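Accompanying notes for the structure given below.
What follows is calculated from the coordinates using simple rules that are stated; it is not laboratory data. A quick note: this is a predicted structure, and the numbers were derived from the prediction, not measured. Quick reminder, even Gly has a Cβ in these numbers, built from the backbone with ideal geometry, and neighbours come from all protein chains shown.
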Amino acid sequence: MTETEGVIQYRLDYQPGTLPPDAALSSLLHWFRRCRERELIGRAPDRYAGAAYGNISIRVRRGFVISGTQTGGRGALTPDDLAWVLDFDVAKNQLTATGPSRPSSEAMTHGQIYRGLAAIDAVIHIHSPRIWRQAEALQLPTTARFARYGTPQMAHEVERLLMVDPEATQGVFVMGGHEDGVVSYANGIDTAGELLLVLQARAEQFSG
């Protein structure tokens, strides 16, 4: 069965509310726009049945702020398009959130990275057919193909990859069971974004 892009897989406990005052929103909004301009985040009628794809987040004092579900097609984000994830439980496949928007379907994956690596402050999930197809040539770690996006299985696969270097301050992995899915993470959102742009350029060289 083909997965439906952008559909939330976890149980969501959501109450509308405000965003945390310590969130550095300008940098998150900036990198959303840069990824959107390159179609690494977006929406297109001929891709993924027209569903929006990609999401971006930053760590805050409690939890993290992430782009809202199905916002990838926006030309730019505003604070009203963001969600504040307060907690999540992989075993129960449950996530608790507030903020102006409901969180992205990949919120649990973002959360697992923050939980696993204390040095990480930003996560960006894009869709890049070039990077995804060249994962082996680029020597990128890859989650198992059985792990669908936004599921406990994906969270466990992310945990497995992160255990290789628990002191990591940056990295990239490919989502083997999520077509074109690529995730970068770093101790700053500028670094996470630049990692993806460099990889995209390298993948284009491999592709000819």
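I need ASP89, ASP180 ordered by Cβ neighbour count within 10 Å, fewest first. List each step's numbers first, then the result.
On the way: ASP89 14, ASP180 20.
Ascending Cβ contact count within 10 Å gives the list ASP89, ASP180.
Could you work out the relative contact order of the chain, using alpha carbon pairs under 8 angstrom and six or more residues apart, expressed as a whole percent?
That works out to 21 percent.
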Whole-Å distance, taken between Cα centres, linking the range 117-179 and the range 51-109 = 18
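Can you work out the FRET efficiency for the pair HIS156 and ALA51, with r the C-beta to C-beta distance and R0 = 22 Å, to the nearest 0.05?
Details: r = 25 Å, r/R0 = 1.12.
Once rounded, the FRET efficiency stands at 0.35.
I want the local charge near GLY99. Using Cβ-Cβ distances under 11 Å, sum +1 for each Lys or Arg and -1 for each Asp or Glu among the other residues. Each step should come with its number before you reach the end.
Numbers: positive: ARG102; negative: ASP80, ASP81.
Around GLY99, the charge tally is -1.
Nearest 500 deg cm²/dmol is fine: what mean residue ellipticity at 222 nm does the chain get from its DSSP H runs of n ≥ 4 alone, each adding -39,500 (n - 2.57), divided by its residue count? Please list the in-between numbers first.
On the way: 5 runs with 58 residues, N = 208.
It comes out at -8500 deg cm²/dmol, rounded to the nearest 500.
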request  = In nm, give the distance between the simple-model label positions of VAL164 and ALA144, each being 7 Å from the Cα along the Cα-to-Cβ direction.
outcome  = 1.6
query = If you take every DSSP beta bridge whose two residues both sit in the chain, what share of them, in percent to the nearest 5, is antiparallel?
reply = 85
task = Pull out the extension gain between ARG62 and HIS30, defined as 0.36 nm times the separation in residues minus the alpha carbon to alpha carbon distance; nm, one decimal.
result = 9.3 nm
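Label the range 1-111 by shape, choosing from rounded, prolate and oblate, from the square roots a ≥ b ≥ c of the eigenvalues of the Cα gyration tensor; if a/c is under 1.5 it is rounded, and otherwise prolate applies when a/b is larger than b/c, oblate when it is not. Let's see the in-between values first.
Details: a/c = 2.07, a/b = 1.15, b/c = 1.80.
Oblate shape, in that a/c is at least 1.5 and b/c is the bigger or equal ratio.
Longest exposed-loop-site-free stretch of the chain, with GluC sites (Glu not before Pro), DSSP loop and at most 14 other Cβ within 10 Å? The partial results should precede the final answer.
On the way: sites that count: GLU136, GLU167.
So the longest stretch without any such site is 1-135.
What fraction of the Cα pairs in the chain, stated in percent, has a spacing above 32 angstrom?
On the way: 1468 of 21528 pairs.
The proportion of pairs with Cα distances above 32 Å equals 7 percent.
Which value, in debye to the nearest 20, gives the size of the charge dipole of the chain about its Cα centre, when Lys and Arg are +1 and Asp and Glu are -1 at the Cβ? Please report the intermediate quantities before stating the final value.
Values: 20 positive and 23 negative charges, 40 e Å.
Approximately 200 debye in magnitude.
With r as the distance between the Cβ atoms of GLU136 and ALA91 and R0 = 41 Å, compute the FRET efficiency 1/(1 + (r/R0)^6) and round to 0.05.
Numbers: r = 32 Å, r/R0 = 0.79.
Efficiency for this residue pair is about 0.80.
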